[in-house]
Amino acid sequence: MTDTLHTGRTTPDRPLSGQPGARRLRRLARSIAYDVLLVPVGVRTMADAVLGEARTAVRRWRRLGRLLSQESAAGASPVGVGRVFGYGLLSSVLGLMSWFLLMLAVTAVVRGPFYGFVEDGPFGPGTWGGPTKAGAWAVHAAVSLPAIVVFLLALRGIAWLQAALVRGLDETTTRRWVLPATIALTAGGLLFFWSWLQQL
């Protein structure tokens, strides 16, 4: 006999992938994958521009944009070769910046929460949190955790900005500040790389 008097709402079991935290992690992972691919796709875009294959470059950016779940229009109007080359150059530099930020994030993880596993000491008075290993480990972890968050947010921001930039190749609407912001970020990244190389 079935219970016909039950009026309470039952909530279906939701898989873990449907939880907001899991969605955020998945979006972050896709952004990092997008950033990592910016250098090879940017270089190929410049080669496409030199060979006069601008539409091929647009299709390649459209395929890469699927990592971020971004749909773009087909773009019926012809795209200028110089514009495609410039966007490829900007994207390549942003990709190099992303690689550097990813390296910093991995270093912050290794030298932060896992500091005690990779550093045996001695922990002198000049060591953050020294002279004990536990103190040094705690301080390194506390300093690195905010840095890791900042690096990951910066990687997500680079992916978002670059995707907004190349959407303009598909003749879709992009905000006016996207290109100047990308140029400014790229120039700042180049200056940072130059100053960093001077200290090596």
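Yes or no: Ala22 farther than 19 Å from Trp99 by Cα, at pLDDT 50 or above and in contact with a helix residue (DSSP H, G or I) (Cβ under 7 Å, 6 or more places away or on another chain)? So Ala22 fits the description; yes.
Would you be able to say whether some residue in segment 159-177 is over 18 Å from the mean Cα position of the chain (by Cα), among the acidic types (Asp, Glu), surrounded by 14 or more Cβ atoms within 10 Å (Cβ to Cβ) and part of a helix (DSSP H, G or I)? For segment 159-177, residues over 18 Å from the mean Cα position of the chain (by Cα), among the acidic types (Asp, Glu), surrounded by 14 or more Cβ atoms within 10 Å (Cβ to Cβ) and part of a helix (DSSP H, G or I): present.
Considering only residues in segment 23-72 that are of a type in the set (Asp, Glu) and assigned to a helix (DSSP H, G or I), the one that is surrounded by the fewest Cβ atoms within 10 Å (Cβ to Cβ) turns out to be Asp48. Contact map, segment 57-68: first residue under 13 Å from Leu37 (Cβ atoms), second residue assigned to a helix (DSSP H, G or I) and not hydrophobic (A, V, I, L, M, F, W, C), Cβ cut-off under 7 Å, separation 6 or more or different chains; pairs are Arg60/Arg44; Arg60/Thr45; Leu64/Tyr34; Leu67/Arg30; Leu67/Tyr34; Leu68/Arg30; Leu68/Ser31; Leu68/Tyr34.
Scanning segment 179-189 for residues that are closer than 18 Å to Leu155 by Cβ and surrounded by 13 or more Cβ atoms within 10 Å (Cβ to Cβ) gives Ala181, Thr182, Leu185, Thr186, Gly189. Looking across segment 105-158, the residues that are buried (at least 16 other Cβ atoms within 10 Å of the Cβ), modelled with pLDDT of 80 or more and assigned to a loop (DSSP other than H, G, I, E, B) come down to Gly112, Pro113.
The values are calculated or read from the model by the stated rules, or taken from the named source; none is laboratory data. These figures come from a predicted structure and were not determined experimentally. Cβ coordinates were reconstructed from backbone atoms using ideal geometry, including for glycine residues, and neighbour counts include every protein chain displayed.
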